[in-house]
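Student: If you scroll down you'll find the structure; I have some questions about it.
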Amino acid sequence: MFIMQTCPMAVIYCTLTTVKTQATSSVYLCVRIFSLFLSVLAVCYGTSNGLTRMSYHVTQHYESLRRRYSGCTFVHGNLEITHLTSEDGFNFDLSFLATIRMVTGYVLMILNTVDVVPLTELVYVRGDSVYEHNKESYVFFMALNYVPKGIHMPALKGKISFILDVSSTL
């Protein structure tokens, strides 16, 4: 027996037997169930830019993030929200993040000035890849953000270890 875990809300069990035809049908059934499960997810691909600042204007960067994650429930890779700071007082609406339920990599939020971070549906950050900072590895890294209305993550499960540096605000 092997277990294919795709998301905290669904664990698919598949049993392999010694008879070749039965094993083949068991694997087929497992793959069929798995593909049906994925069809209800809105999968989008994350990024691996880290702290690299995009060369285009901040509003273009915001629109790129909004297009990438709008309606997304499953981020394959890393969720990186960085450098959303506007000199002209523009308020970046991150409500498009509210539908994300799972991230397979890490979550990085740094150098942002936003009213609120609504990760209200985020249940699981798997950590297949980690963010490296000062020879430490992080699955969830938030720093140098100004978020007066807070970071909302009521559905997140498990323990989260983090460092809070209140002296470093924008």
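The values are calculated or read from the model by the stated rules, or taken from the named source; none is laboratory data. In this text the structure is predicted, and so the values were computed from the model without any measurement. When the accessible area is computed, the model is the full protein with side chains, heavy atoms only, and any ligands, DNA or RNA have been set aside. Shrake-Rupley method; radii C 1.70, N 1.55, O 1.52, S 1.80 Å.
Student: So in the range 91-145, with the set limited to residues that are in a helix (DSSP H, G or I) and not β-branched (V, I, T), which one is most open to solvent (accessible area, probe 1.4 Å)? Give the steps one after another, and end with the answer.
Tutor: First, the residues of the range 91-145 that are in a helix (DSSP H, G or I): 95-99.
Then drop every residue that is not not β-branched (V, I, T), which leaves 95-98.
Details: S95: 66, F96: 18, L97: 0, A98: 27 Å².
Within the range 91-145, the match that is most open to solvent (accessible area, probe 1.4 Å) is S95.
Student: Output yes when any residue across the range 48-63 is modelled with pLDDT under 85, at positive phi, open to solvent by less than 70 Å² (accessible area, probe 1.4 Å) and assigned to a loop (DSSP other than H, G, I, E, B), and no when none is.
Tutor: Let us first name the residues in the range 48-63 that are modelled with pLDDT under 85, namely 53-56.
Still in the running and at positive phi: none.
No, that holds for no residue.
Student: Which one of these does E80 not meet: (1) assigned to a strand (DSSP E or B); (2) open to solvent by 20 Å² or more (accessible area, probe 1.4 Å); (3) not hydrophobic (A, V, I, L, M, F, W, C)?
Tutor: With (1) assigned to a strand (DSSP E or B); (2) open to solvent by 20 Å² or more (accessible area, probe 1.4 Å); (3) not hydrophobic (A, V, I, L, M, F, W, C) applied to E80, the lone miss is (2).
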